[in-house]
Amino acid sequence: MNVTDKVVKLFNELIDEGEKFKLTCKKLYFSGQKKEISPEVFEEWKTKCLSLLKSTFGSSSPQFDNFTNAKFFDYYNSTQIFLGILKAARANLHKGYFFHKDLMLSVNIYDSLLSRARRYLDNDEIAKAEAVLEVVLTEILGKICNNKKIPFVQEDTIESLADTLVRAEAIPETARDQLLKLHELFRQATVSSAELSAAIEWILSFLNEFLGGQILILN
């Protein structure tokens, strides 16, 4: 089960719990009974809903904001409003919101690490820069595999990941050829600052084309 499926499962559980509240409230509401559901249990459910909305979409998101600021009428009508917000949030996940958020975060992290590699080069810390570049490039290739649902193992090298992506037609052979050159570069006993500087620029371009480009598509 991937991350999105796990989050959707949590939303489903809270929606199911809310549907039970609504059914109980409906019976009480239309029977004219004064008895209400347990306020403590209801508030516990609301708190779990807010926590999940915040962790998934953020505290400044419309999903979290709408739930937080929804006016309380009575347990029956309020539950319907809360359920509507939860179901809309679940629909956002099905349409790729979480994928978009995760991808955007990953691209930002990789870009930040490439900037760190540049700083290492500026300080003549070539070995550190090389180590960062190899790890980042391997992570980028693994991320592309994940997004394309292409099987791979964590121990795969840049070389094997490049071959896997070409076979799956996820990247062109020209990109694979450059990846193999970088794989060989990282195997050399001595690497120059100029070679690593050129590698940074190519990796950044590759990142923007094969991961950053996916964000634009989702927008």
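The values are calculated or read from the model by the stated rules, or taken from the named source; none is laboratory data. Note that the structure is a prediction, hence the values are computed from the model and not measured. With ideal geometry, Cβ positions are generated from the backbone for all residues, glycine too; neighbour counts draw on all protein chains shown.
Mind listing just one residue for me: the one in the range 59-83 that is of a type in the set (A, V, I, L, M, F, W, C) and part of a helix (DSSP H, G or I) and, of those, modelled with the lowest pLDDT?
Looking at the filtered set, the residue picked out is Phe64.
If the requirement is being on the phi < 0 side of the Ramachandran plot, in contact (Cβ under 8 Å) with a residue 40 or more places away in the chain and of a type in the set (Gly, Ala, Ser), which of these qualifies: Ala199, Ala162? Don't jump to the end; show me each part of the working.
Working: Ala162 fails: in contact (Cβ under 8 Å) with a residue 40 or more places away in the chain.
Of the residues listed, the single one that is on the phi < 0 side of the Ramachandran plot, in contact (Cβ under 8 Å) with a residue 40 or more places away in the chain and of a type in the set (Gly, Ala, Ser) is Ala199.
If I filter the range 113-138 down to residues being closer than 14 Å to Leu182 by Cα and surrounded by fewer than 16 Cβ atoms within 10 Å (Cβ to Cβ), which single residue comes out as farthest from the chain's Cα centre (by Cα)? Quick ask: steps written out before the conclusion?
The initial filter retains those residues of the range 113-138 that are closer than 14 Å to Leu182 by Cα, namely 129-138.
Those left that are additionally surrounded by fewer than 16 Cβ atoms within 10 Å (Cβ to Cβ): 131, 135.
Details: Ala131: 25, Val135: 20 Å.
Restricting to residues being closer than 14 Å to Leu182 by Cα and surrounded by fewer than 16 Cβ atoms within 10 Å (Cβ to Cβ), the top hit is Ala131.
Find the helices (runs of 4 or more DSSP H) located wholly in the range 132-217 whose residues include 3 or more that are acidic (Asp, Glu), and list them.
On the way: elements: 158-167, 173-185, 193-207.
Ranges flagged: 173-185.
State all residues of the range 1-42 that are under 21 Å from the mean Cα position of the chain (by Cα), assigned to a helix (DSSP H, G or I), at pLDDT below 80 and exposed (fewer than 13 other Cβ atoms within 10 Å of the Cβ); if no residue qualifies, say none.
Selection gives Val3, Asp5.
Output the number of the condition that Tyr120 fails; it satisfies all remaining conditions of (1) assigned by TED's automatic domain parsing to the domain that holds Lys9; (2) touching an Asp or Glu at 6+ places or on another chain (Cβ under 9 Å).
(1)
Collect the residues in the range 177-219 that are of a type in the set (Lys, Arg) and modelled with pLDDT of 95 or more, keeping them in residue-number order. If you could, list the steps in order and put the result at the bottom.
Applying the first criterion (of a type in the set (Lys, Arg)) to the range 177-219 yields 181, 187.
Selection gives Lys181 alone.
Condition test on Leu207, is it surrounded by 16 or more Cβ atoms within 10 Å (Cβ to Cβ), of a type outside the set (S, T, N, Q) and under 16 Å from Leu113 (Cβ atoms)?
Details: surrounded by 16 or more Cβ atoms within 10 Å (Cβ to Cβ): yes; of a type outside the set (S, T, N, Q): yes; under 16 Å from Leu113 (Cβ atoms): yes.
Yes: the conditions hold for Leu207.
Please find, within the range 102-112, the residue that is modelled with the lowest pLDDT out of those that are within 14 Å of the chain's Cα centre (by Cα) and surrounded by fewer than 18 Cβ atoms within 10 Å (Cβ to Cβ).
Taking the range 102-112 and keeping what is within 14 Å of the chain's Cα centre (by Cα), we get 102-110.
Still in the running and surrounded by fewer than 18 Cβ atoms within 10 Å (Cβ to Cβ): 102, 104-105, 108-109.
Details: Asp102: 66, Met104: 73, Leu105: 75, Asn108: 83, Ile109: 89.
In this case the residue turns out to be Asp102.
Can you find a residue in the range 115-122 that is at pLDDT below 85, part of a helix (DSSP H, G or I) and within 30 Å of Pro172 (Cα to Cα)? Can you show your working first?
Step one: filter the range 115-122 for residues at pLDDT below 85, giving none.
No - not one qualifying residue is present in the range 115-122.
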